[in-house]
Amino acid sequence: MNASSATAGDTEGRARDEAEHRSGFACFVGRPNAGKSTLTNALVGTKVAITSTRPQTTRHTVRGIVHRPEAQLVLVDTPGLHKPRTLLGERLNDVVRTTWAEVDVIGFCLPADQKIGPGDRFIAGELAELKKRTPKVAVVTKTDLVSSKALAEQLLAVDQLGRELGIEWAEIVPVSATEGSQVDLLADLLVPLLPQGPPLYPDGDLTDEPEQVMVAELIREAALEGVRDELPHSIAVVVEEMVPREDRPADRPLLDVHANIYIERPSQKGIVIGPKGKRLKEVGSSSRRHIEALLGTPVYLDLHVKVAKDWQRDPKQLRRLGF
């Protein structure tokens, strides 16, 4: 074979590979605490979305990127769709609806350990009204929490839900994100539903989240642990500054991170800080470990707790806090 024919063959091969490559966006929707963020992290293979047992932990769309030789799957984790009680709740619901109108595939997450309820039916009803051409995959999550008999009953119930509302599920997939069961299979089933096209993000990127936003989320995740039921929704975190410490030797860098934890009422301040500052120190040490792992550098974390009165209901304060 001469050089010119070899070059032509290479070009044809690359063109064929690019034509067969798939890339696109899939979003996970569902009611709060349906396992969307845990599933996103499991598919990406690393932590890109914070998780908590508290409902409505996710407050904005988080993109996680799954790289494969033949495809790039961009997962969009969304807040749980819920009956809003505040302006923040209304805005989170708007984020969900805007997202699922723009993606290539929708994954509807339903926990295996909870019967299909009014919240699930409400979301499914909205999905039924979406443009028919967007494929919809039913993902039955948390399968490790139920028996095989209960799982079979839930899969039948999900199938029946689709029939009742006129949704033709592209797939119904049971998964356990915590145990990694069928996570790869889910990716295998989502990829063929994406449009053909070149990669959308550079190889190796796992998220397009700004580091400052991810750091704030890791602090909020730590602050959510062990607080009273009424407090989680009142907590917001803003990273004010991230700067390398001056005059540090190159082999011993230190990043100064200054962040504010906002709550809505003065009475909540003591809960977050704890007796003699013990609770705030725990939040700092727990989140610092994750931040250092994320950024790959030692961190000095400076945390302050501030009151932003009724911020969930105040348009000005919502804007200032990034919503």
message = Please list, ordered by chain and number, the residues whose modelled amide H lies under 5 Å from the amide H of Arg22; skip anything fewer than 5 residues away on the same chain.
response = Ala71, Gln72, Gly197
query = How large is the dipole of region 171-323 about the Cα centre if only Lys and Arg carry +1 and Asp and Glu carry -1, each at its Cβ, rounded to the nearest 20 debye?
reply = 1180
note = Among beta bridges assigned by DSSP with both residues in region 211-320, the antiparallel ones amount in percent, to the nearest 5, to 45
remark   = In whole Hz, the Karplus estimates of ³J(HN,Hα) for region 109-117 (6.51, -1.76, 1.60; θ = phi - 60°; x where Gly or Pro) are 8, 10, x, 5, 8, 9, 5, 4, x
message = For a quick check, take a GNM of the chain with Cα springs below 10 Å and name the residue from Val96, Val243, Val173 with the largest mean-square fluctuation.
response = Val243
query = Where does the charge balance sit around Asp113 when Lys and Arg score +1, Asp and Glu -1, over other residues with C-beta under 12 Å from its C-beta?
reply = 0
message = Below 8 Å between Cα atoms, with a sequence gap of 6+, how large is the relative contact order for the chain in percent?
response = 17
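Given Cα pairs under 8 Å that are at least 6 residues apart, what percent is the relative contact order of region 153-304? Intermediate values should be presented prior to the final figure.
Values: 147 pairs, mean separation 28.1, N = 152.
Dividing the mean separation by the residue count of region 153-304 yields 18 percent.
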query = By DSSP, what percent of the beta bridges with both residues in region 94-187 are antiparallel, rounded to the nearest 5?
reply = 10
inquiry  = Using the Cα centre of region 211-320 as origin and beta-carbon charges of +1 (Lys, Arg) and -1 (Asp, Glu), tell me which of Val299, Gly284, Leu218 is placed farthest towards the positive end of the dipole.
reply    = Gly284
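Tell me what the chain gives for mean residue ellipticity at 222 nm when only DSSP H runs of n ≥ 4 count, each as -39,500 (n - 2.57), the sum divided by the residue total, rounded to 500 deg cm²/dmol.
Calculated mean residue ellipticity at 222 nm is -12500 deg cm²/dmol.
For the chain, with only Lys/Arg (+1) and Asp/Glu (-1) charged at the beta-carbon, what is the dipole magnitude about the Cα centre, in debye rounded to 20? Let's see the in-between values first.
Numbers: 42 positive and 46 negative charges, 324 e Å.
Its charge dipole is roughly 1560 debye.
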remark   = Residues whose built amide H sits under 5 Å from the amide H of Val305, excluding neighbours closer than 5 in sequence, are Ile261
inquiry  = Using the Karplus curve 6.51 cos²θ - 1.76 cosθ + 1.60 with θ = phi - 60°, what ³J(HN,Hα) values do you get for each residue of region 295-308, in whole Hz, with x for Gly and Pro?
reply    = 8, x, 8, x, 10, 9, 10, 10, 10, 10, 9, 10, 9, 10
key: region 234-291: relative contact order as a whole-number percent, Cα under 8 Å and 6+ apart   = 29
note = Summed over the other residues with a beta carbon less than 14 angstrom from that of Leu165, with K and R at +1 and D and E at -1, the charge totals -2
inquiry  = With the cut-off at 1.5 for a/c, could you classify region 187-323 from its C-alpha gyration tensor as rounded, prolate or oblate?
reply    = oblate
message = If amide hydrogens are placed 1.01 Å from N in the peptide plane, which non-local residues have theirs closer than 5 Å to the one on Asp256?
response = Val243, Arg245, Tyr300
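We did not get these values from a lab; they are worked out from the coordinates using the rules stated. Just so it is clear, the structure is predicted and the values come from calculations on it, not from any experiment. Neighbour counts run over all protein chains shown; Cβ positions are idealised from the backbone, glycine included.
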